[in-house]
Amino acid sequence: MHFETDAIHAGQEPDPTTGAVTIPINTASTYAQETPGAHRGYEYSRTGNPTRQALETALAVLEGAGNGGAVATASGMASTALIGYLLAPGDRLLLPDDAYGGTFRFFARVLSEHGVHWSTVDMTDTGVTDRAFDEHTRLVWVETPTNPLLRLVDLAAIVELAHEHGALVVVDNTFATPYLQRPFEYGADLVVHSTTKYLGGHSDVVGGAVVARDSEMFERLKFLQNSAGPVPGPFDAWLTLRGIKTLAVRMERHCDNAEAVASFLEDHPQVAEVIYPGLASHPQHALAARQMARFGGMISFRAAGGTSTAHRVASSTSVFTLAESLGGVESLIEVPAAMTHLAVAGTSLEVPDDLIRLSVGLEHIDDLIDDLERALRP
Ligand SMILES: *Cc1c(COP(=O)(O)O)cnc(C)c1O
């Protein structure tokens, strides 16, 4: 089946008892058994829930997980934390030097307290990354495109390197979504998502998922999901699943609008620099074209005039809402150094103070451009 079809049908057969065409929100915490231990696949809702199961099946199919599968979690960070349980004291992981701030905070400030070591590395440079491995390196955390600098990591190259060194590769696929990029096709071991963003797509639910390509790793993740228990509730799973049904059409429009906004900004005299993988001026445009179906809905730019101008522009839009997060139908604007990336200030992940990040939504393109035109007026 094609992606669009799977997004609507995978794991989402009509309900066998009522014929309901959408998956019901199963709120039961426990399930009746015929005789002790004999049940219809569900015993207790932390272990398994039919609504969550539908979401997990859909995610696994969309990422192309093959023999593996997906576990859904209560947030993207809960998925990151589950992956943290794969590491033992003395293990080391490599983090990108540009990444979601919360990911860095979890490994640098939480897991490090449990004896797990970390280093940041510029993963856009394969030679530098190669030299960063040592015999304790068990895992490589990849984000591509990165947040907020929209750098790309060559997935095929990094997977080859990591596997040579005996390390697992985790790809945070939140920005691209499986519609634009499928890391398993490049040999990645795990895909992680904040489903809060494009997959949910409507800024109305927080969630996450880890997807494994291999059945043994999937069983391990299921064991961890049940043991640690960071599961999403059935209503949250249902909202995410509803979002996924329209992922393909939403992503096409996000990409259309972002391409138009990026070229508008690139030609604007009040803009010093535009970072968008779809622009020929992006240093990794060719890699983006090879690795992604299109270039996504996220744009970063620097206003001519520095930090105070960036703050003024971000506070002056009316269609773009000044807010954290991304990937919803509504356009958002933010200043990462003062908002989403405060947690990485003073670290190797620090971002420029004057950087503005846009999550380009699905409003009419003329309204989006008019809004930015007005906000950029000196
Ligand atoms: C938001 C985000 C996360 C964290 O997800 P939550 O759902 O907020 O816990 C992780 N990675 C990326 C790239 C994100 O944008």
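The values are calculated or read from the model by the stated rules, or taken from the named source; none is laboratory data. Not measured: the values here are computed from a predicted model. Cβ placement follows ideal geometry from the backbone for every residue including glycine, while neighbour counts extend to all protein chains displayed.
Report, by residue number, each residue of segment 291-332 that is part of a helix (DSSP H, G or I) and closer than 20 Å to Thr174 by Cβ. Full working, then the answer.
So the first thing to find is which residues in segment 291-332 are part of a helix (DSSP H, G or I), and the list is 291, 306-316.
Gln291 - this is the single residue of segment 291-332 that is part of a helix (DSSP H, G or I) and closer than 20 Å to Thr174 by Cβ.
Specify which of the listed residues (Ala345, Ala323, Ala304, Ala338) is of a type outside the set (Lys, Arg) and within 18 Å of the chain's Cα centre (by Cα).
Ala323
Take the residues of segment 88-115 that are more than 16 Å from the ligand (Cβ to nearest atom) and in contact with a helix residue (DSSP H, G or I) (Cβ under 7 Å, 6 or more places away or on another chain): which is farthest from Asp130 (Cα to Cα)?
Pro89
Being over 18 Å from Phe3 (Cα atoms) and part of a helix (DSSP H, G or I) is the filter here; which residues of segment 155-185 pass it?
Result: Leu155, Ala156, Ala157, Ile158, Val159, Glu160, Leu161, Ala162, His163, Glu164.
In this structure, is Leu279 closer than 15 Å to Thr146 by Cβ and in a loop (DSSP other than H, G, I, E, B)?
So Leu279 does not fit the description; no.
In the list Val249, Val192, Val206, Val231, which residue meets the criterion of being modelled with pLDDT of 95 or more, within 16 Å of Leu62 (Cα to Cα) and within 16 Å of the ligand (Cβ to nearest atom)?
Val192
Look at segment 271-292 and say how many of its residues are buried (at least 17 other Cβ atoms within 10 Å of the Cβ) and under 30 Å from Gly305 (Cα atoms).
10
When you go through (1) surrounded by fewer than 17 Cβ atoms within 10 Å (Cβ to Cβ); (2) of a type outside the set (Ser, Thr, Tyr); (3) in contact with a Ser or Thr (Cβ under 9 Å, 6 or more places away or on another chain); (4) closer than 24 Å to Gly201 by Cβ one by one for Asp256, which number turns out not to apply?
Only one criterion is unmet by Asp256, namely (3).
Going through segment 328-342 one residue at a time, which ones are within 13 Å of the ligand (Cβ to nearest atom) and touching a His at 6+ places or on another chain (Cβ under 8 Å)?
Gly328 - this is the single residue of segment 328-342 that is within 13 Å of the ligand (Cβ to nearest atom) and touching a His at 6+ places or on another chain (Cβ under 8 Å).
Can you find even one residue in segment 99-119 that is of a type in the set (Lys, Arg) and in contact with a Lys or Arg (Cβ under 8 Å, 6 or more places away or on another chain)?
No - not one qualifying residue is present in segment 99-119.
Tell me yes or no: at least one residue of segment 128-146 is surrounded by fewer than 24 Cβ atoms within 10 Å (Cβ to Cβ), touching a residue at least 60 places away in the same chain (Cβ under 8 Å) and not in a loop (DSSP other than H, G, I, E, B).
For segment 128-146, residues surrounded by fewer than 24 Cβ atoms within 10 Å (Cβ to Cβ), touching a residue at least 60 places away in the same chain (Cβ under 8 Å) and not in a loop (DSSP other than H, G, I, E, B): absent.
For the condition within 16 Å of the ligand (Cβ to nearest atom) and surrounded by 19 or more Cβ atoms within 10 Å (Cβ to Cβ), what is the one hit in Ser79, Ser45? So that I can check it myself, show each step before the final result.
On the way: Ser45 fails: within 16 Å of the ligand (Cβ to nearest atom).
Among Ser79, Ser45, only Ser79 is within 16 Å of the ligand (Cβ to nearest atom) and surrounded by 19 or more Cβ atoms within 10 Å (Cβ to Cβ).
Of the numbered conditions (1) farther than 19 Å from Tyr198 by Cα; (2) in contact (Cβ under 8 Å) with a residue 24 or more places away in the chain, Leu358 satisfies every one except a single condition; which is it?
For Leu358, the exception is condition (1).
Output the qualifying pairs, or none if there are none: Cβ atoms under 9 angstrom, residues six or more apart or on different chains, first residue in segment 272-289 and assigned by TED's automatic domain parsing to the domain that holds Leu180, second residue assigned to a loop (DSSP other than H, G, I, E, B).
Once the first residue is assigned by TED's automatic domain parsing to the domain that holds Leu180 and sits in segment 272-289, no partner that is assigned to a loop (DSSP other than H, G, I, E, B) comes close enough.
Regarding segment 148-157, can at least one residue be identified that is surrounded by 21 or more Cβ atoms within 10 Å (Cβ to Cβ), free of Cβ contacts under 8 Å to residues at least 40 places away in the same chain, outside the structural domain of Val274 (by TED's automatic domain parsing) and more than 15 Å from the chain's Cα centre (by Cα)?
No.
Are any residues in segment 293-309 surrounded by fewer than 23 Cβ atoms within 10 Å (Cβ to Cβ) and of a type in the set (A, V, I, L, M, F, W, C), and if so, which ones?
Those that are surrounded by fewer than 23 Cβ atoms within 10 Å (Cβ to Cβ) and of a type in the set (A, V, I, L, M, F, W, C): Ala293, Ala304.
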